[in-house]
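Encoded as structure tokens, the structure appears first; notes follow it.
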Amino acid sequence: MDLKLRGRFALVTGSTSGIGAAIAHALAVEGATVVVHGRSEARATAVVESIQKASGSAEWVVGDLSTDEGARKVIEHALARVERIDILVNNVGGPVEGKVSFFDTTLPEWVDSFSGNALSAIRMIHGLVPAMKSRGWGRVIQISSRNGISPHANMPSYGAAKAAMNNFTLGLSKELAFSGVTSNAVMPGLTYTKQLDSYLQQTARQQGFGNDLEKAMDYVLKNIVRQTVSRLGDVNDIANYVCYLASPLSDFMTGTVVRIDGGSTPTV
């Protein structure tokens, strides 16, 4: 299927690894010119080179989106490398390092979580979406989390920040009514990236599995995440759906928050 992304320009925040890198690759394969963003020039250029080896078109920018000035510079540098941004994928963010209980999460950590997840997306929306609206076409896609609607006690600030993303995804869609710009979000479930290895190793030790990560993964899926699909999510599960949301073919979808979570969210 032709997703009609040739000639479009996309910025994917936090795209030097994991889900973000997969999204950048997938959009480029579909014909979009992609701006890869991260905080490491070496990692950003590595992703760009990988995309170019696959005959895709990509540029890179680096910067910290957790501050107003950092976000402004990222937008400025991105628009110096491509003529416009048609597709904004707000992927940057993540939980507080380690698993922290509700009462052990400090107020500064709550502030940092909201700034790094929800407010980083708002900064980019403020900086790029008015121009989309004036041109009459655009796509804004938040990478949220199933924690936004089914939170864990040991990642409270992360779940709350992602819930805020879900909320403003819908609010933004109403602000953009009849403009040709859509606003949608995706909520991944437990998705394999290299960052998950340490958690699986810890689980394997705790459950007496030695170094058997396959057993650890099976245990996590059945007893902790409680999925109804018998595998971890793959980054391409998320990337493929984001490509559809970025496409002109999705123009009847806006204000939606879609779960891609292996059936792990226990709610309608």
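Readers should treat all values here as calculations from the given coordinates under stated rules, not as data from a laboratory. Values in this document were obtained by computation on a predicted structure and should not be read as measured data. Cβ: placed from backbone, ideal geometry, glycine included. Neighbour counts: every protein chain shown.
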| field | Principal-axis tilt of helix 235-246 within the chain, Cα atoms, nearest 10 degrees | value | 30 degrees
| the chain, relative contact order [Cα under 8 Å, separation at least 6], % | 19 percent
| note | Assertion target for ARG84, ARG8, ordered by fewest C-beta neighbours within 10 angstrom first, is ARG84, ARG8
| request: Decide, for the range 181-268, between rounded, prolate and oblate: order the square roots of the alpha carbon gyration tensor eigenvalues as a ≥ b ≥ c, take rounded if a/c falls under 1.5, and otherwise choose prolate if a/b is larger than b/c, else oblate. | output: prolate
| request: Please list 102-110, 211-219 highest first by mean number of surrounding beta-carbon atoms within 10 Å per residue. | output: 211-219, 102-110
| said: Rounding to the nearest 10 and keeping the result within 0 to 90°, find how far the Cα-based axis of helix 197-206 lies from the longest principal axis of the chain. | reply: 10 degrees
| request: Please give the helix 156-175 orientation as an angle from the longest Cα principal axis of the chain, in degrees from 0 to 90, rounded to the nearest 10. | output: 30 degrees
| remark: Close lysine pairs (the chain; alpha-carbon distance under 22 Å; 8 or more apart or on separate chains) counted at 12
| field | Segments 137-150, 44-57, 120-133 sorted - mean Cβ within 10 Å per residue, highest first | value | 137-150, 120-133, 44-57
| Between the range 80-120 and the range 195-268, what is the C-alpha centre distance in whole Å? | 20 Å
| request: Decide, for the range 192-232, between rounded, prolate and oblate: order the square roots of the alpha carbon gyration tensor eigenvalues as a ≥ b ≥ c, take rounded if a/c falls under 1.5, and otherwise choose prolate if a/b is larger than b/c, else oblate. | output: oblate
| Helical contribution to [θ] at 222 nm, DSSP H n ≥ 4, -39,500 (n - 2.57), averaged over the chain, rounded to 500 | -13000 deg cm²/dmol
| note | Highest mean packing first, using Cβ neighbours within 10 angstrom, the peptides 185-191, 32-38 sort as 32-38, 185-191
